[in-house]
Amino acid sequence: MKEQRAFRSFMEAALSEARAAGARGEVPVGAVLVLGGEVLAQAGNRTRELNDPTAHAEILVIREACARLGAQRLTGADLYVTLEPCPMCAAAIAAARIERLYFGANDPKSGGVLVGAKVFSHPQCHHAPQVYDGIGAQESEALLKTFFAARRAP
């Protein structure tokens, strides 16, 4: 009989990365990539800092984990991210063959998983991870609302 491991969430680490991104003036989104219970990479958004529109937290952790493993695919890996991935990040998640995606807040404006492009449901998508939403959603939403409210304040 196969022994089943207890579920361990890494969303708090992703939230920590999101808080750090917000403190740097970046949109507060954080991600953590885990394989076999080991954190391979964690990052927050760095689009402004790196002057790179692709430097979303998800892309950064995928790049770092692939480099660390010397592989183009992350089969069996779990990705924790504080916000529903955009279409670009969802496509990268599929290309990397990530096994499970856990995310906090839904993104009705720019999401690519449950709203908008719904990347994983397209016939052109060669791999769709298991998706679990709403994990740490309240804190993720609060971080984003606070960040954008401060940007809009007179």
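The values are calculated or read from the model by the stated rules, or taken from the named source; none is laboratory data. Keep in mind it's a predicted model, so treat the numbers as computed, not measured. Note: ideal-geometry Cβ built from the backbone for every residue, glycine included; neighbour counts use all protein chains shown. The area values use the complete protein model at the heavy-atom level, side chains included, leaving out ligands, DNA and RNA. Shrake-Rupley method; radii C 1.70, N 1.55, O 1.52, S 1.80 Å.
Give me the percent relative contact order of the range 7-154, please, defined on Cα pairs under 8 angstrom at least 6 residues apart. Walk me through the intermediate numbers first.
Values: 330 pairs, mean separation 29.5, N = 148.
Value for the range 7-154: 20 percent.
Counting only heavy atoms of protein chains, what accessible area per residue, in Å², does the chain have with a probe of 1.4 Å? Don't jump to the answer; show the numbers that get you there.
Working: 8280 Å² over 154 residues.
Value for the chain: 54 Å² per residue.
Counting only protein heavy atoms and using a 1.4 Å probe, what share of the accessible area of the chain belongs to carbon plus sulfur, as a whole percent? Working shown, then result.
Values: 4400 of 8280 Å².
The C+S portion of the solvent-accessible surface of the chain is 53 percent.
Find out how many positive minus negative residues lie around PHE148, taking Lys and Arg as positive, Asp and Glu as negative, among other residues whose Cβ is under 12 Å from that of PHE148.
Numbers: positive: LYS109, LYS145, ARG151, ARG152; negative: GLU141.
So the environment of PHE148 carries a net charge of +3.
Please compute, over every Cα-Cα pair in the range 1-90, the percentage with a separation greater than 22 angstrom.
Pairs farther apart than 22 Å: 26 percent.
Grab the beta carbon distance between LEU114 and GLN138, set R0 = 22 Å, and tell me the FRET efficiency rounded to 0.05.
0.80
Would you kindly state the longest site-free stretch of the chain, with sites defined as trypsin sites (Lys or Arg not before Pro) in a DSSP loop (not H, G, I, E, B) surrounded by at most 15 other Cβ atoms within 10 Å?
Numbers: sites that count: LYS2, ARG5, ARG8, ARG24, ARG73, LYS109, LYS118.
The segment 25-72 is the longest one with no such site.
Net charge within 12 Å of ALA14 by Cβ-Cβ distance, Lys/Arg positive one each and Asp/Glu negative one each, not counting ALA14 itself?
-4
May I ask for the percentage of alpha-carbon pairs in the chain that lie more than 29 Å from each other?
Numbers: 1491 of 11781 pairs.
Result for the distance tail: 13 percent.
Work through the residues other than LEU101 whose Cβ is under 14 Å from its Cβ and net out their charges, Lys, Arg +1 and Asp, Glu -1. Can you show the working numbers first?
Values: positive: ARG97, ARG100, LYS118; negative: GLU58, ASP78, GLU84, GLU99, ASP107, ASP133.
Every neighbour counted, the sum reads -3.
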